[in-house]
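Chemist: This structure is in structure tokens; I'll ask about it shortly.
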Amino acid sequence: MEFEPKILGIACNWCTYTGADLAGTTRLSYPQNLRVVRVMCSSRINPSFIFRAFQLGADGVLVGGCHPGDCHYNTGNLYARRRLAVTKKILEFAGIEPERFRVEWISASEGNKFAEVVREFTEQVRNLGPQTKFKIEREPMPEKI
Amino acid sequence: MSINFKHIEDKLKTEAKKLLEQGKVSIVLAYGKGYDDHHPMPYVARNAADVGNIVFNEFCTANLARYLVRYPRGTKIAIAVKAADSRAVIQLIQEDKIKRENLVVLGIPVSGMKNSKTGEIIDSKTTCGLYNPVLYDILLGKEVHGKSVISPYDVLAEYEKMDKDARWDFWKKELDKCIRCYACRKACPMCYCDPCFIDQNKPKWGEKSPESHGNLMYHLTRFHHLAGRCIDCGECSRACPVNIPLYLFHKKVAKECEEMFGQVAGMKIEDKPTLVNFRVEDSDKILE
């Protein structure tokens, strides 16, 4: 069976989430590997969310926010940009493939770009294979007696 | 470039006594006698009679800025700082944890401090490698003009060259040693959160028992929380009972922050810490 990556998408309510909605309403198809979580702003994302997602079995994390300068809260994504850049460097130095983590600026009108990014990122993660370094291996459930 | 530690100790005592007698400060943070000469402890002098207990020798490595945030706001404090410690003081002022006007900074220019565990001389391999305090009111002793310090980031080259899997194996091996005593957190002048994220139960950010995944979560998040704030005193690695080279990761993050945002932690009082600040012209390239 071919490996199907699990990808966590964290999308900003005002741009990327609406962009994803647009991709849906315009009936663009994109891979189903993405699970989207909506946050109010990309600066809402605690870096621990990303580490935790990898621990709980995500193969890739995609963060979407408004274009710099377009933030609903004026400056949120400018803080997020610095913060997530550091997250990426930390993942890289710890020895995780930095390609598993991606930040994209997608506005509410860019349904096409959203579908394109998800397609591309899913392919990228698929090529990297399953993420095993961070993942917590749980013991299988005991069979019912 | 030999340092007269006895001379510094005498000066520290005189200054501390003067400040306490004049009532300019209510406490003096300095070093006191431990169970032997190799293990001096942080010491708080509260009146002029306490001053006799102050010591200073080459094993006084602890970063006293750690204790600044323990006192109520507005307490007048005099603090003895070495080079890296003074950067911690600046960083705490930037973060509005203490006020400059409540502080009397007694700067100690010093080189050739020794690690009390190993007896090795501490240099820019594990610390920022500065000799002279960046911020001080009273300088105890003469500024040290030694040979130029090699870049504190040089030690990283070996690890940056490594293949990512080798680096993962290295960090996994190191972090698996962690026994979760939180000595790194206790020794760090910048770790003042109450409660720390790892002590929270709702949400529970990571496992609290000393096992691989919880250790990874704790340390990686701690590295992230100290990004752009770590002043590279190396105290976390010296405090660590199982000798995890935490300074390496802190140095790496500090180096990346310096390259990306062009600002070094704890050098100027007017700066804002890098991660609570932004520039519109920050490039998107940093995310690649």
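Chemist: What would the Debye equation give as log₁₀ I(q)/I(0) for chain B at q = 0.17 Å⁻¹, counting only Cα atoms as equal point scatterers?
Modeler: -1.52
Chemist: Taking only DSSP H segments of four or more residues, each worth -39500 (n - 2.57), what value at 222 nm results for the protein assembly as shown once the sum is divided by all its residues, to the nearest 500 deg cm²/dmol?
Modeler: -10500 deg cm²/dmol
Chemist: For the stretch A:58-145, take N as its residue count and report Rg(C-alpha) divided by 2.2 N^0.38 Å.
Modeler: Cα-based Rg divided by the globular estimate yields 1.39.
Chemist: Also: Quote the relative contact order of the stretch B:11-88 in percent (integer), defining contacts as alpha-carbon pairs under 8 Å separated by 6+ residues.
Modeler: 33
Chemist: What is the log10 of I(q)/I(0) for the stretch B:5-139, computed with the Debye formula using one identical point scatterer on each Cα and no solvent, at q = 0.09, 0.11, 0.17 Å⁻¹?
Modeler: Result of the Debye calculation: -0.24, -0.36, -0.88.
Chemist: Taking other Cβ within 10 Å of each residue's Cβ, how do B:HIS225, A:HIS72 sort, fewest first?
Modeler: A:HIS72, B:HIS225
Chemist: List A:TYR17, B:TYR67 from most exposed to least, where exposure is judged by having the fewest other Cβ atoms within 10 Å. Present the calculation step by step, with values, prior to reporting the outcome.
Modeler: Details: A:TYR17 22, B:TYR67 16.
Arranged by neighbour count, lowest to highest, A:TYR17, B:TYR67 become B:TYR67, A:TYR17.
Chemist: Here is a further query. Based on other C-beta atoms within 10 Å, arrange B:THR274, B:THR118 from fewest to most. The partial results should precede the final answer.
Modeler: Values: B:THR274 22, B:THR118 10.
Ordered from fewest to most neighbouring Cβ atoms within 10 Å, B:THR274, B:THR118 come out as B:THR118, B:THR274.
Chemist: What's the angle, to the nearest 10 degrees (0 to 90), between helix B:246-261's Cα axis and the longest principal axis of chain B?
Modeler: The angle comes out near 80 degrees.
Chemist: Separate question: How well do other chains shield peptide B:211-222, expressed as the mean number of their Cβ atoms within 10 Å of each residue Cβ?
Modeler: Mean shielding count: 4.
Chemist: Let me ask another. Taking Cα atoms, how many degrees apart are the long axis of helix A:76-94 and the longest axis of chain A, rounded to 10 and kept between 0 and 90?
Modeler: So the inclination is approximately 30 degrees.
Chemist: What percent antiparallel are the DSSP beta bridges of chain B, to the nearest 5?
Modeler: So the antiparallel bridges in chain B amount to around 40 percent.
Chemist: Only Cα pairs under 8 Å and at least 6 apart count here; give the relative contact order of chain A as a rounded whole percent.
Modeler: 36 percent.
Chemist: Determine how many Å³ per residue the convex hull of the Cα atoms of the stretch A:7-128 encloses.
Modeler: Each residue corresponds to 84 Å³ of Cα convex hull volume.
Chemist: How large is the charge dipole for the stretch B:5-139, taken about the Cα centre, if only the Cβ atoms of Lys, Arg (+1) and Asp, Glu (-1) carry charge, to the nearest 20 debye? Working shown, then result.
Modeler: Numbers: 20 positive and 15 negative charges, 70 e Å.
The dipole of the stretch B:5-139 has a size of about 340 debye.
Chemist: Using only alpha carbon pairs under 8 Å that are at least six residues apart, calculate the relative contact order of the stretch B:5-139 and give it in whole percent.
Modeler: Relative CO of the stretch B:5-139 lands at 22 percent.
Chemist: Still on this model: Let me make sure I get this right: for the stretch A:1-76, a, b and c are the square roots of the gyration tensor eigenvalues over alpha carbons, sorted descending. Under 1.5 in a/c it's rounded, otherwise prolate if a/b > b/c, else oblate. Which is it?
Modeler: It is oblate, given that a/c is not under 1.5 and a/b is not larger than b/c.
Chemist: To check my understanding: the extent here is largest minus smallest coordinate of the Cα atoms along each principal axis. What are those three numbers for the protein assembly as shown, in Å, largest first?
Modeler: Extents along the principal axes, in whole Å: 79, 52, 46.
Chemist: Angle between the Cα long axis of helix B:164-176 and the longest principal axis of chain B, 0 to 90 degrees, nearest 10?
Modeler: 50
Chemist: Evaluate peptide A:93-100: per residue, the Cβ atoms of other protein chains within 10 Å of its Cβ; return the mean as an integer.
Modeler: Mean partner shielding for this stretch: 6.
Any read-out appearing in this document is the output of simple, stated calculations on the displayed coordinates, not a laboratory observation. Just so you know, these numbers come straight off a predicted model, no measurement behind them. Every residue, glycine among them, receives a Cβ derived from its backbone with ideal geometry; neighbour counts consider all protein chains shown.
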